[in-house]
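Readers should treat all values here as calculations from the given coordinates under stated rules, not as data from a laboratory. Computed from a prediction, not measured in an experiment: that's the story for all the values here. Counting neighbours? That spans all protein chains shown, and the Cβs are built from the backbone with ideal geometry, glycine included.
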């Protein structure tokens with residue numbers, strides 16, 4: 001079966017879609033009617049693990065319950081500040097995995113070592129009670145070909161949704177960001193904390209904004225890194241993110257062509273290599289060991305490498321491999337990373353969660369022909385990534401969202417800190433202002449770096465102000481910016 005999934009729908013840290021409900025009262029219903037059980041922590045590698053029990057539907061606190069997996073890395077320095085809850089993005093990204101690979105660096109006393117660091121797998125994903133739609137994405141992520149039209153894409157979307165609902169049950173309707181924000185507050189209460197600090201990347205900024213709007217008095221400090229525009233949603237395709245990837249490709253190409261030892265120089269430079277590689281994967285899938293890379297998987301692999309300048313050298317080698325050797329092992333590995341493919345060939349379910357969370361947040365269900373046409377129009381205007389952004393039918397044929405996203409003004413003790421990079425491909429800088437406008441109580445800082453995610457990721461010069469904000473509640477001047485060394 002063909003799975004026609006636009007690039008903007010599948011990249012793990014890409015976030016598109018958010019809107020607001022009419023009033024906070026609707027979004028807050030059911031929050032206080034559930035008393036959590038104390039968490040029982042057990043050794044779990046370098047962390048401690050526990051299971052949080054939460055209502056599947058917070059509006060029905062006495063109804064069915066689900067599990068949320070939580071991990072903890074205790075403070076290593078005194079005096080202890082409190083709990084820092086973290087989310088890596090997605091939606092569908094694992095906070096437990098984030099804690100495993102970022103926690104040791106964050107726990108340094110010079111950074112965040114005075115916090116108990118907490119990661120969790122949001123409902124529907126990871127080690128929590130999961131949703132499920134697709135077992136195997138291999139060779140199925142594609143872009144529209146000349147013979148692929150609306151009828152075929154709609155039929156495929158209907159098959160996909162039928163599988164989601166059959167395999168996920170009622171949870172498919174209750175994985176939205178409002179519910180996850182309420183889960184965080186249940187977690188806060190289960191841990192006996194009056195307030196939490198929060199660090200969210202990409203989609204995690206959307207989640208943080210909802211928590212701040214619903215539970216502002218429970219926020220000690222909040223960093224929203226790689227901010228998302230609350231007006232973006234899957235039912236209304238936008239070219240802003242597509243333009244971000246186009247800009248990041250141009251920055252990559254310019255950097256490669258400026259270096260004498262860039263391996264793409266021998267094939268005519270980055271642009272020529274891209275064109276030749278596209279021609280190769282368009283003609284037929286390119287071998288990747290005992291697998292193969294399709295047209296759509298090619299774009300996925302390229303996009304994966306554009307997330308950080310640290311992976312640009314890998315992209316150079318990957319394009320050279322396709323053009324010179326007729327193989328695509330490197331691009332296959334990059335795409336696998338974003339699709340959550342494990343070493344044994346199984347998938348972590350993050351793509352299923354992403355689709356259902358985004359649609360649970362989106363209150364609109366326009367006709368699929370309208371969404372499809374808008375996505376094709378965007379695609380036709382793009383220089384490099386056009387085919388990867390065509391073919392969306394939004395959330396069709398999922399029923400209307402039962403609890404669409406709530407983002408409203410927040411009343412915080414300390415303003416939230418919104419952080420962006422000028423060269424971010426997945427959450428372009430223009431989205432920062434939109435998030436601040438929705439949140440209200442926030443300041444913005446930035447750097448000129450390339451990449452997605454700033455703090456302890458793609459920026460050096462933002463490390464100090466973000467750390468001082470989280471640790472000492474020192475709020476930078478709104479609009480402060482820096483240039484990377």
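The table below lists the values:
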quantity	calculated
Fewest-first sequence of 173, 384 by Cβ atoms within 10 Å of each Cβ	384, 173
Helix-only mean residue ellipticity at 222 nm for the chain, each DSSP H run of n ≥ 4 adding -39500 (n - 2.57), per residue, nearest 500	-11000 deg cm²/dmol
Where only C-alpha atoms are counted, convex hull volume of the chain per residue in Å³	135 Å³
Centroid-to-centroid separation of the range 228-275 and the range 448-472 [C-alpha atoms, Å]	23 Å
Sorted largest first, extent of the range 240-339 alpha carbons per principal axis (Å)	34, 32, 22
Two-decimal log10 I(q)/I(0) for the range 159-283, as the Debye equation yields it once each C-alpha is a single scatterer, q = 0.13, 0.18, 0.22 Å⁻¹	-0.82, -1.01, -1.21
The chain: antiparallel DSSP beta bridges as a percent of all, rounded to 5	40 percent
Between helix 329-339 and the chain: long-axis angle, C-alpha atoms, 0 to 90°, nearest 10	30 degrees
Residues 284, 125, 369 arranged by fewest to most Cβ contacts within 10 Å	284, 369, 125
Likely footprinting exposure, 167, 316, 80, 220, fewest C-beta neighbours within 10 Å first	80, 167, 220, 316
Cα-only radius of gyration and Dmax that characterise the range 330-485, units Å	19.1, 52
